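The values are calculated or read from the model by the stated rules, or taken from the named source; none is laboratory data. Quantities reported herein were computed from a predicted structural model and do not represent experimental measurements. Here Cβ is always computed from backbone atoms with ideal geometry, including for glycine, and neighbour counts include all displayed protein chains.
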């Protein structure tokens, strides 16, 4: 069933009707050709999932009636913020799209010393808007009940100051090379829901030893993610899968 | 350091020399412009890693001298075969590239009832050759000591007959919807290295209930991979990350 996110509060009472937001009308009625009686899912601002039936539409506006109202648990018990150095090409898009499917709560892209890519100030807002749209699409497809946020920090220092977290890990290749293999598990064992995990990843070129020291000085733990070398856009997917496996399956 | 796979046995004794295979000469000498004295890593057919220095080259042939000889443990203790229904576009490429980084031992693509993509017999060999090349490149980049194999099976029945495994799981959306959350962990708990895990995934359209029954009848367990819906090319990455987390970090 098609899923849409509502950005304003609506009635959640079964049998009541609400106005479908214009964006969703466009997709549901124009693209998906919904007819009166057809149902879709609407995620409320409080993360409830309403199944609602189309009552009437003129193609621009639409009224839907609440059929059921649920609060499915589909979000990671430990919310994860994925912070990545700026990487090239469509890597930020890939990280946001797949990371959203895998349950990330927030994405932060930050400038770092060895980053090859730069986000010119003039293009930054457009890039963030595009990534937010990708996050929304992936959240709808993967049946999330929240859309991850996407933001930018101009430096590692700003990242560490501005992003709230209860525990932090930084994926560091050198940890992996030294055979470090238990810090991620230790960190997860010490966390209890709904504590927030910040996971920091370098750009393609990696983080400098200085940056890793700065991150560790902020209380963030350097962790190895297994003995294989992963690309910048793959390591966040490993981390998110591991957090899900640990919190939701083990 | 650049890494190349050798496809024939060479001396592994420190100080001895060997002829660098033509393919590697082309990349190492022509593309990377290696000079006598420069070092690279060569993975032997027995999965050892030799560091070797270029001794002499005329641009077509090259001789290298073994500097060191190691047997790093970078392969998953439980070898995983990823079997996927045929999916569209570049999804097979993505699965092979990222799945190789995440440690898969083998990839099998199989035709299934709801597969939208078809691999015409005339193009199959070319597709497999291309995917094998992607696996080799990703294995070099991620510092694996083996190159995953890539193959094709014309049906689910052939897959289940031809692919050897000690335990099997099939990712099934319905399991996830029903809140199933422990079968993957149970399966992994019962395995001991070097037992082989077969992990089966549907194409975009999923597997039919009939196919899932057929798979289960072969002793393969239906597993949920968390409460979010993942795309066909993301679910194998979740599985591989989870196996690594379980075997290599926990």
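Condition first: modelled with pLDDT under 95 and surrounded by fewer than 20 Cβ atoms within 10 Å (Cβ to Cβ). Now tell me which residues in the stretch A:187-206 satisfy that.
Residues satisfying the conditions are A:204, A:205.
Just the residues that are outside any strand (DSSP E or B) and in contact with a strand residue (DSSP E or B) (Cβ under 8 Å, 6 or more places away or on another chain), please, taken from the stretch A:48-62. Before the answer, list the steps.
Taking the stretch A:48-62 and keeping what is outside any strand (DSSP E or B), we get A:48, A:58-61.
If the condition is that a residue be outside any strand (DSSP E or B) and in contact with a strand residue (DSSP E or B) (Cβ under 8 Å, 6 or more places away or on another chain), then A:48, A:61 are the ones that fit.
So in the stretch B:135-165, with the set limited to residues that are in a helix (DSSP H, G or I) and within 13 Å of chain A (Cβ to nearest Cβ), which one is farthest from residue A:177 (Cα to Cα)? Even if it seems obvious, please write down each step before you answer.
Of the stretch B:135-165, the ones in a helix (DSSP H, G or I) are B:135-141, B:156-162.
Now drop any that are not within 13 Å of chain A (Cβ to nearest Cβ), which leaves B:137-141.
Numbers: B:137: 20, B:138: 18, B:139: 16, B:140: 16, B:141: 14 Å.
Ranking the candidates gives B:137 first.
Taking the conditions exactly as written (assigned by TED's automatic domain parsing to the domain that holds residue A:202, closer than 21 Å to residue A:98 by Cβ and at pLDDT below 95), does residue A:117 satisfy them or not?
Answer is yes for this residue.
Within the set of pairs 6+ apart or on separate chains, which have a first residue in the stretch A:198-217 that is within 12 Å of residue A:235 (Cβ to Cβ), a second that is assigned to a helix (DSSP H, G or I) and modelled with pLDDT under 95, and C-beta atoms under 7 Å apart?
These pairs meet every condition: A:206/A:173.
Out of (1) within 28 Å of residue A:74 (Cβ to Cβ); (2) away from chain B (no Cβ under 13 Å), what's the single condition that is false for residue A:203?
Going through (1) within 28 Å of residue A:74 (Cβ to Cβ); (2) away from chain B (no Cβ under 13 Å) one by one, residue A:203 breaks only (1).
I want to confirm something. Restricting to the stretch B:166-187 and keeping residues that are under 23 Å from the mean Cα position of the chain (by Cα) and not in a helix (DSSP H, G or I), which single residue is farthest from the other protein chains (Cβ to nearest Cβ)?
The extreme case among them is B:166.
Go through the stretch A:125-139 and give me each residue that's surrounded by fewer than 19 Cβ atoms within 10 Å (Cβ to Cβ) and touching a strand residue (DSSP E or B) at 6+ places or on another chain (Cβ under 6 Å).
Passing the criteria: A:128, A:132.
Okay, residues lined up against (1) crowded, with 24+ Cβ neighbours inside 10 Å; (2) at the interface with chain B (Cβ under 7 Å from one of its Cβ atoms); (3) touching a helix residue (DSSP H, G or I) at 6+ places or on another chain (Cβ under 8 Å); (4) in a helix (DSSP H, G or I):
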position	(1), (2), (3), (4)
A:214	no, no, yes, yes
A:222	no, no, yes, no
A:225	yes, no, yes, no
A:232	no, no, yes, no
A:238	yes, yes, yes, yes
A:244	yes, yes, yes, yes
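Considering only the stretch B:165-177, I want to know if a residue exists there that is touching a helix residue (DSSP H, G or I) at 6+ places or on another chain (Cβ under 7 Å), surrounded by fewer than 19 Cβ atoms within 10 Å (Cβ to Cβ) and touching a residue at least 60 places away in the same chain (Cβ under 8 Å).
no
May I ask you to say which residue of A:104, A:117 is crowded, with 21+ Cβ neighbours inside 10 Å and either touching a strand residue (DSSP E or B) at 6+ places or on another chain (Cβ under 9 Å) or part of a loop (DSSP other than H, G, I, E, B) (or both)? Break it down stepwise before answering.
Numbers: A:117 fails: crowded, with 21+ Cβ neighbours inside 10 Å.
Just one listed residue meets the conditions, A:104.
Give the residues of the stretch A:5-40 that are over 15 Å from residue A:65 (Cβ atoms) and either in contact with a helix residue (DSSP H, G or I) (Cβ under 7 Å, 6 or more places away or on another chain) or not assigned by TED's automatic domain parsing to the domain that holds residue A:59 (or both), sorted by residue number.
The answer is A:5, and nothing else.
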